[in-house]
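Step one of this worksheet: look at the structure below.
The values are calculated or read from the model by the stated rules, or taken from the named source; none is laboratory data. Here the structure is a predicted model, which means the values were calculated and not measured. Methodologically, a virtual Cβ is constructed for each residue, glycine included, from the backbone with ideal geometry; neighbour enumeration extends over all protein chains shown.
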Amino acid sequence: MRAVSTKVVENAIYEALISATYKIPEDIKKALKSAHDKENTPLAKHILNEIIKNYELALQERAPLCQDTGTILLFIEMGQDILFSDGFLLSSLNRAISRTTLEGYLRASTVNDPLRRNNNNTNTPPIIHLEMVRGDRVKIYIMLKGAGAENVSCLKMLSPSMEIEFIKEEIVQWIKENAAKACPPVVVGIGLGGNYESAPILAKKALLRKIGSSNKNDFYARMEKDLLNSINKLGIGPMGVGGKTTALSVQVETYPTHIASLPLAINLNCHSTRISKIVI
C-alpha cells in the first residue's frame with residue numbers, strides 16, 4: 001500500500017488546470033498546422049492561421065485559449081494499492097478548482113441549479129469518472145469542456161441489426177447538421193456499446209486519445225478512417241466557412257452491450273481541445 005497526500009493531488013490538479021487553460025496539446029497543434037498546410041480555400045486557410053496565432057499568443061501571455069474555459073471533467077484511474085492521507089480527496093479536488101477560478105484562470109461557468117441558474121463562482125464540483133486499476137499510482141486526465149461543442153452531443157439507441165454503413169451514415173449526418181455550431185475543426189468522439197448511460201462516457205473518453213492514434217481493433221480503426229474521410233468531404237470547414245478540414249480526427253471506443261441494444265453516442269471537442277494529464 002502506498003500513501004499519497006491529498007495536498008499533493010490538490011497542488012498537481014491546480015498546476016495542471018492552469019496549464020490546460022492556455023497550453024494546447026502538441027498533437028492538436030500538429031493537426032491544426034497540417035490542416036493549414038493542406039488547405040487551399042483562402043478564407044479557411046486564413047481562419048486556421050488565426051487559430052494557430054491564438055494558441056501561440058495564449059501560450060506567450062498565459063491567457064485562456066477561449067473565453068469559455070468550460071466544465072471541468074476528471075477521468076481518474078485509481079490504483080487499488082493507494083491510500084490517500086491528509087484529508088478527503090474530493091475536497092482537495094474542489095479546492096484546486098476553486099483556487100484556479102478565483103485566481104482568474106477559469107471563467108465562473110458553473111451554476112448550482114440547472115433551472116434557477118445561481119452561480120457559485122468556483123466551478124465546483126467537477127464531473128468525475130473513476131476507474132479502479134492495478135498498481136499504486138493515480139492517473140488523472142483533466143478536460144476543460146466548452147458548452148458549444150458539448151451542446152451538440154447526441155445519444156441514439158439504434159437497432160442491433162443496423163449495418164455498419166447505416167451507422168456511419170447516422171454519424172456523418174449528425175456532424176453535417178451540427179459541426180458548424182461546435183467551432184470546427186472538431187475532434188469527434190464516438191461511443192458504441194455499453195448502455196444508455198455508459199455510451200456517452202465512452203464517447204467523451206475517446207476524446208482523451210492522441211490525435212492520429214487509431215483504435216487497437218483493426219475493424220474500428222478502419223471505421224475511424226472512413227468516417228474522417230466522409231466528414232471532411234462535407235466541406236463544412238474551419239468555423240463552418242467551407243474547406244477541407246471539418247474534423248481533425250474521429251476516435252471510436254466500444255464496450256460490450258446487451259444482445260437487444262446498440263447505443264451510439266457522439267461527443268465533439270472544438271479546435272481548442274484542452275486536455276492535461278498528471279500521474280502521481
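Below are the figures for this structure:
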{"quantity": "Considering residues of the stretch 59-102 that are of a type in the set (D, E, K, R) and in contact (Cβ under 8 Å) with a residue 40 or more places away in the chain only, the residue farthest from residue 20 (Cα to Cα)", "calculated": "81"}
{"quantity": "Selection from the stretch 230-280 of residues that are of a type in the set (S, T, N, Q) and either within 19 Å of the chain's Cα centre (by Cα) or surrounded by 24 or more Cβ atoms within 10 Å (Cβ to Cβ) (or both)", "calculated": "245, 246, 249, 251, 254, 267, 269, 272, 273, 276"}
{"quantity": "Qualifying residue in the stretch 208-229 (condition: surrounded by 14 or more Cβ atoms within 10 Å (Cβ to Cβ), over 29 Å from residue 18 (Cα atoms), in contact with a Cys (Cβ under 9 Å, 6 or more places away or on another chain) and touching a residue at least 12 places away in the same chain (Cβ under 8 Å))", "calculated": "no"}
{"quantity": "Options 39, 50, 56; residue that is of a type outside the set (Gly, Ala, Ser) and touching a residue at least 12 places away in the same chain (Cβ under 8 Å)", "calculated": "39"}
{"quantity": "Counted residues, the stretch 230-280 - those being in a helix (DSSP H, G or I), of a type in the set (S, T, N, Q) and either under 25 Å from residue 59 (Cβ atoms) or in contact (Cβ under 8 Å) with a residue 24 or more places away in the chain (or both)", "calculated": "1"}
{"quantity": "Count - residues of the stretch 138-194 that are over 14 Å from the mean Cα position of the chain (by Cα), basic (Lys, Arg) and over 30 Å from residue 81 (Cβ atoms)", "calculated": "4"}
{"quantity": "Conditions (1) hydroxyl-bearing (Ser, Thr, Tyr); (2) surrounded by fewer than 18 Cβ atoms within 10 Å (Cβ to Cβ); (3) more than 23 Å from residue 278 (Cα to Cα); number of the one not met by residue 110", "calculated": "(2)"}
{"quantity": "Residue check, residue 100 of a type in the set (Ser, Thr, Tyr), outside the structural domain of residue 182 (by TED's automatic domain parsing) and in a helix (DSSP H, G or I)", "calculated": "yes"}
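Here's the yes/no breakdown for (1) hydrophobic (A, V, I, L, M, F, W, C); (2) surrounded by 14 or more Cβ atoms within 10 Å (Cβ to Cβ); (3) in the same structural domain as residue 249 (by TED's automatic domain parsing):
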{"position": "156", "(1), (2), (3)": "no, yes, yes"}
{"position": "164", "(1), (2), (3)": "yes, no, yes"}
{"position": "168", "(1), (2), (3)": "no, yes, yes"}
{"position": "181", "(1), (2), (3)": "no, yes, yes"}
{"position": "190", "(1), (2), (3)": "yes, yes, yes"}
